Amino acid sequence: MIRHRPFGSEHPYATTDDQRVPALPLSEESVTLRVAAADSVESIRCEWTADDGHSVETVTLDLAPVDTAEINLAEAGGEGHLAVAQAKAARGSSRSWRVETPELRPHTRYRYRFTARNTAGGQRRSRIYTVTPSDWSTDPAGSTLTVDTDRLVPGSIRWRRDADGVNRVRFDLRLEPDEHVVGFGERFDHLDQRGRVLDAVVFEQYKSQGEHGRTYLPMPFAHVTSPRGGWGFHIRTSRRSYYDITGDRISIDVDLGGGATDELEVGVYRGTPTEVLDQFLTEVGRAEELPDWVFHLWASGNEWNTQQLVMERMDRHRTLDIPVGAVVIEAWSDEEGITIFRDATYRINADGTAHAGGDFTYPANGAWPDPKAMIAELHARGIKVVLWQIPLQKMRPHPKGQARADAEAMIREHHAVLEADGRPYRNRGWWFPQALMPDLSVQRTRDWWTDKRRYLVSDLDVDGFKTDGGEHAWGHDLRYADGRRGDEGNNLFPVHYARAFGDLLRSQGKAPVTFSRAGFTGTQAHGIVWAGDENSTWPAFRSSITAGLTASACGIVYWSWDLAGFSGPIPDPELYLRATAAAVFMPVMQYHSEFNHHRPPLRDRTPWNVQELTGATDVVDVFRHWTKLRESLVPYLAGQARNSIDTGAPLMRALFFDHPDDPETWNHPRQYLLGDDLLVNPVTDPEATTWSTYLPAGRWVDAWTGTTSVGPQSVTREVPITELPVYVRASAWAELAEIFEPRAYDGQRR
């Protein structure tokens, strides 16, 4: 009849129609109380009681109905099945009521409950809720903040407390006028965050991340650099943190645990950007070297959902002489537990235990008649196989068969993340709504969850997993088996997730190749990261480059993106080929496309589909040109990745890493070095015929002409579709020149 959740769904950026706003108020603030109610409700009253320890006062508040629930959910935007799912989740099925409370007095505890009457004369009373306002104070009262730097602004430390304990700390770090601030994980909006306001919380922003300033992969770490030197800091917490860098300081807020006292440490590192990053990685973990095959082209499409379709796409690659090194198969499973190939027949394990490879029979007329033979054939062609995953046990529609048995075992054997009252947590997001979430914070559940997938590696010889999702934990008071609550454990969930599948692969003698979009501090040590979901637009292209540079600045070595975007109508040929050229000179190169219900025209991002649908005549030839150049780059990339892991210098790095004393580099935020010796400047505007590149100090050789230029200076060159500005450090030209030797393109060099 009525529903009130003081914290709502705990969507990090939205309020819901049934919550208290703000959920944690300050003294002298009023609070909006929201209630969701059935259409039959005709009135709601609130008994609002204030108890300051000396007197008790109760008032009655009448709630007013709201015609349209003002649910400020993040917009999905664009087209596609994920946008449809998010829009559907945003539509409420109940009416919203609300009321403003009197201003909250300091040191006062408030109790409130609601009584609703319906049109038939019946009534329903809610349980009693409590709230106590917080106050800011300079008195630590036993709490400690450790910041080993003279940049801490004197007198800036503040502690926010309510009657139960301390729930936030605030402090300022001084900035000099010429300093730049880079980091905070993967950021799509700006390389330099000076002048910005942001936070660090794992969130699935479906597309347009650059417009919203949200990220799948935050970290409470940043570089501060200027021509005079550099330093960096790491807030040693997995709770949410907030940053205001709009003035002469970084104002930092960090959520705390709400106990009587708390402790927070801020790691401070000094030196060049590479030295700062190396110190940070020594503390939190650094990448593990992956095999060379990860540097070849990866191919995928969400609609490649049968063995026939996968082999047709790989056959077409072979026929067109376009090399491919890995295929990502997303739509392979029943999408209930993501453990079994669709159409396989098998005996249900009622106790939820894992199957072995021999337990399955694959019908000849099914979607996957012989996955083992398919994988063996792909391996014979030099193509590795990566299967898609999601860290949820689907519960809607109500599961049947093995999915039901697994869900029951997950609850019975205590493998699920829990609500504060001990009930299994049900996913509050819009993708796989109401699904159970495995508690991957502990080894016993990581083993239980991955054992169900073990046969895929041991018997079918799968090479890696696309560890998609990971942003599904909403709730400050969730309970994890490692002892953490949600406020502390939610950001760590995607780290545990990638670790679990990396460990599975290692246990079977495979390299730990995981392919994740979500993460936090610690993700550096686990596989590959890609930039998540984006549209096929020029702005998305530009913001993806920024995402790669910021992620790399935080220690992500193996980074990728869906070249030219994965969602919406296919990109125009120019965008597609400019993005392809850029992806050649990034750590991992891959294309992917969103599910579109197999409606024509197909939205595959294969080069032949782009060519056929747009009428362009050169897409396949140019794409082949670029992928063959990529093949030649693999040894360089592998060697530079090893160097990156050893030294901390990012594989894909913004110019300030190697030229921190050159202020001009900040005017070229999408130029970068790929390893030590390649300077890359992607063409990111349509209809460009020439492109200007800033060359920092040193001697640089134009990779396509062999012409040497001496920096610092800007140079402009023509940019045909088969070239993009790449400059080789002169000292490495003799070794790398053969990579850029003139190549055949439709019978001639362009």
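The values are calculated or read from the model by the stated rules, or taken from the named source; none is laboratory data. All figures in this text were calculated on a predicted structure; none of them were measured in a lab. Using ideal geometry, Cβ is built from the backbone for each residue, glycine included, and neighbour counts are taken over all protein chains shown.
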Problem set entry | Residue check for residue 216: part of a loop (DSSP other than H, G, I, E, B), modelled with pLDDT under 95 and crowded, with 17+ Cβ neighbours inside 10 Å | no
Seminar exercise, completed: Filtering strands (runs of 3 or more DSSP E) wholly in segment 261-347 for at least 3 residues that are modelled with pLDDT of 95 or more and within 30 Å of residue 226 (Cβ to Cβ) gives 263-270
Exercise. Which numbered condition trips up residue 228, out of (1) farther than 29 Å from residue 537 by Cβ; (2) in contact with a strand residue (DSSP E or B) (Cβ under 7 Å, 6 or more places away or on another chain); (3) modelled with pLDDT under 95?
Worked result: (2)
Exercise. Filter segment 608-634 for residues that are of a type outside the set (D, E, K, R) and under 27 Å from the mean Cα position of the chain (by Cα); which is surrounded by the most Cβ atoms within 10 Å (Cβ to Cβ)?
Worked result: 627
Exercise. Name the residues in segment 35-50 that are under 17 Å from residue 94 (Cα atoms) and assigned to a strand (DSSP E or B), would you?
Worked result: 35, 36, 37, 41, 42, 43, 44
Problem set entry | Pair list, Cβ < 9 Å and 6+ apart or interchain, from segment 120-140 residues that are among the charged types (D, E, K, R) to residues that are loosely packed, with under 14 Cβ neighbours inside 10 Å | 135/106; 135/107
Seminar exercise, completed: Counting only residues in segment 162-192 that are surrounded by 18 or more Cβ atoms within 10 Å (Cβ to Cβ), of a type in the set (D, E, K, R) and in contact with a Ser or Thr (Cβ under 6 Å, 6 or more places away or on another chain), the one nearest to residue 273 (Cα to Cα) is identified as 179
Exercise. Here are some conditions: (1) outside any loop (DSSP other than H, G, I, E, B); (2) on the phi > 0 side of the Ramachandran plot. Residue 503 meets all but one. Which one does it not meet?
Worked result: (2)
For this session: Report whether or not residue 699 is crowded, with 17+ Cβ neighbours inside 10 Å, in a strand (DSSP E or B) and of a type in the set (D, E, K, R).
Result: no
For this session: Would you mind stating whether residue 585 is at pLDDT below 95 and not assigned by TED's automatic domain parsing to the domain that holds residue 725?
Result: no
For this session: Quick one: which residue in 439, 477, 451, 421 is of a type in the set (D, E, K, R), touching a Leu at 6+ places or on another chain (Cβ under 9 Å), surrounded by fewer than 18 Cβ atoms within 10 Å (Cβ to Cβ) and not assigned by TED's automatic domain parsing to the domain that holds residue 238?
Result: 451
Problem set entry | segment 702-750 - residue that is among the hydroxyl-bearing types (Ser, Thr, Tyr), within 23 Å of residue 627 (Cα to Cα) and assigned to a strand (DSSP E or B) and, of those, modelled with the lowest pLDDT | 745
For this session: Would you check if there is a residue in segment 628-649 being in a loop (DSSP other than H, G, I, E, B) and modelled with pLDDT of 95 or more?
Result: yes
